[in-house]
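The values are calculated or read from the model by the stated rules, or taken from the named source; none is laboratory data. Note that the structure is predicted; figures quoted are calculated from it, not measured. Cβ placement follows ideal geometry from the backbone for every residue including glycine, while neighbour counts extend to all protein chains displayed. Note: areas computed on protein heavy atoms with side chains; ligands, DNA, RNA excluded. Shrake-Rupley method; radii C 1.70, N 1.55, O 1.52, S 1.80 Å.
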Amino acid sequence: STRARSLMTLRWAFCTGTWHPTKEEWMCCGASIQTEERERISQFCYRKDAKSAMAGRLLLRKALSEVLHVDYCKVLLKRTREGKPYLANPELAADVDQASRFSLNISHQGAYTVLAAELDRPVGVDVMDLTRPTCSSVREFFRIMRRQFTSSEWDFILHTPDHLEEDEKEETQLAQFFRFWCLKESYVKATGLGLNTSLQRLSFTPNPVSLPHDQDQQVYVDTRLHIDNRPTPAWTFEESFLDKQHVAAVCLGPMSGESSHRPSSERGHAFQCLTIGDLISSAQPVHHVDNDFWLSFSAKEERPRTNRKS
């Protein structure tokens, strides 16, 4: 039903960049996820990566337990071969049929971890940090990435108003570049095809041509995708800024039973920013965690010294 679908439509964001976990919080988080995930998180070299991965696990568990009414401590997460998360024990959901039709996806980069979820349609989400790459000049960076975009997309990326200074032109071009990358990643993640998809086959026509850096979380839904030069009206995209430095894209596939029709009331959904309290409010301990989990985390540096601005 439409009501069930709206209740299962989620857009959640958590800012890991401003989260400095206390020992109590980190231990609580570690106890609330599966053992293999906790071990994987412990292996990250930097706190920022450990925090992003942890937030992703907590967002997934919160969504599955609250929306599908699975006991939090019984949520069993697995990944497809392409790395897409799914509930491995849907038989525990209050509505097993609904659980099989529930799609969710996460992404993290920069200071944010995000989740998008939908009923009865595939969903993919990506977030990008607009920070200038430190490894090379913008021109060299674009040269390396040349094959990932179509010629029409490069026209959009490289077009800048004449009155801008050189630095401003590069910032504008980078913002457009990351916008297109975000859109492509969201589609690849929604389809679950992973790296098997040639990004050259995907060509986006952005609308608006340039995304305003709004702080009011306005959602834009009029960008269109062509695959092999054919329009794909059943696939829609939501674009928004989480803040001035982070752009997010949500890709939505066809509704179940529909092949080419776009839902008539596609207005888009703004991301809801959650606190750490929101993330762990419904958490239940899955396993005991010993003090080494905190000691390992607290001994790490926040990020690489050579890239302090990321």
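Only one residue in Val209, Val221 is surrounded by fewer than 18 Cβ atoms within 10 Å (Cβ to Cβ), β-branched (Val, Ile, Thr) and closer than 22 Å to Leu158 by Cα, so which one is that?
Residue meeting the stated conditions: Val209.
In this structure, is Gln200 more than 22 Å from His108 (Cα to Cα) and not basic (Lys, Arg)?
So Gln200 fits the description; yes.
Can you name every residue in region 73-114 that is over 14 Å from Thr191 (Cα atoms), open to solvent by 30 Å² or more (accessible area, probe 1.4 Å) and of a type in the set (Val, Ile, Thr)?
Val96
Take the residues of region 4-29 that are in a helix (DSSP H, G or I) and free of Cβ contacts under 8 Å to residues at least 24 places away in the same chain: which is most open to solvent (accessible area, probe 1.4 Å)?
Glu24
Only one of Lys62, Lys48 is crowded, with 22+ Cβ neighbours inside 10 Å, touching a residue at least 12 places away in the same chain (Cβ under 8 Å) and part of a helix (DSSP H, G or I); which?
Selected residue: Lys62, the only one of Lys62, Lys48 that is crowded, with 22+ Cβ neighbours inside 10 Å, touching a residue at least 12 places away in the same chain (Cβ under 8 Å) and part of a helix (DSSP H, G or I).
Give the residue, chosen from Lys189, Lys184, that is of a type in the set (D, E, K, R), modelled with pLDDT of 95 or more and closer than 23 Å to Ser256 by Cα.
The unique qualifying residue is Lys184.
Could you go through region 247-254 and let me know if any residue there is touching a residue at least 40 places away in the same chain (Cβ under 8 Å), surrounded by 13 or more Cβ atoms within 10 Å (Cβ to Cβ) and touching a His at 6+ places or on another chain (Cβ under 6 Å).
No; the residues of region 247-254 include none that is touching a residue at least 40 places away in the same chain (Cβ under 8 Å), surrounded by 13 or more Cβ atoms within 10 Å (Cβ to Cβ) and touching a His at 6+ places or on another chain (Cβ under 6 Å).
Could you list, in sequence order, all residues of region 144-176 that are small (Gly, Ala, Ser) and either in contact with a Lys or Arg (Cβ under 7 Å, 6 or more places away or on another chain) or crowded, with 17+ Cβ neighbours inside 10 Å (or both)?
Within region 144-176, Ala175 is the sole residue that qualifies.
Looking at Gly277, is it out of contact with any Cys (no Cβ under 7 Å at 6 or more places or on another chain), assigned to a helix (DSSP H, G or I) and at pLDDT 90 or above?
yes
Within region 30-45, which residues are open to solvent by 10 Å² or more (accessible area, probe 1.4 Å), part of a loop (DSSP other than H, G, I, E, B) and in contact (Cβ under 8 Å) with a residue 12 or more places away in the chain?
Matches in region 30-45: Gln34, Phe44, Cys45.
Which is touching a residue at least 40 places away in the same chain (Cβ under 8 Å), hydroxyl-bearing (Ser, Thr, Tyr) and in contact with a helix residue (DSSP H, G or I) (Cβ under 9 Å, 6 or more places away or on another chain), of Thr160, Thr191, Thr150?
Sole residue among the options that is touching a residue at least 40 places away in the same chain (Cβ under 8 Å), hydroxyl-bearing (Ser, Thr, Tyr) and in contact with a helix residue (DSSP H, G or I) (Cβ under 9 Å, 6 or more places away or on another chain): Thr150.
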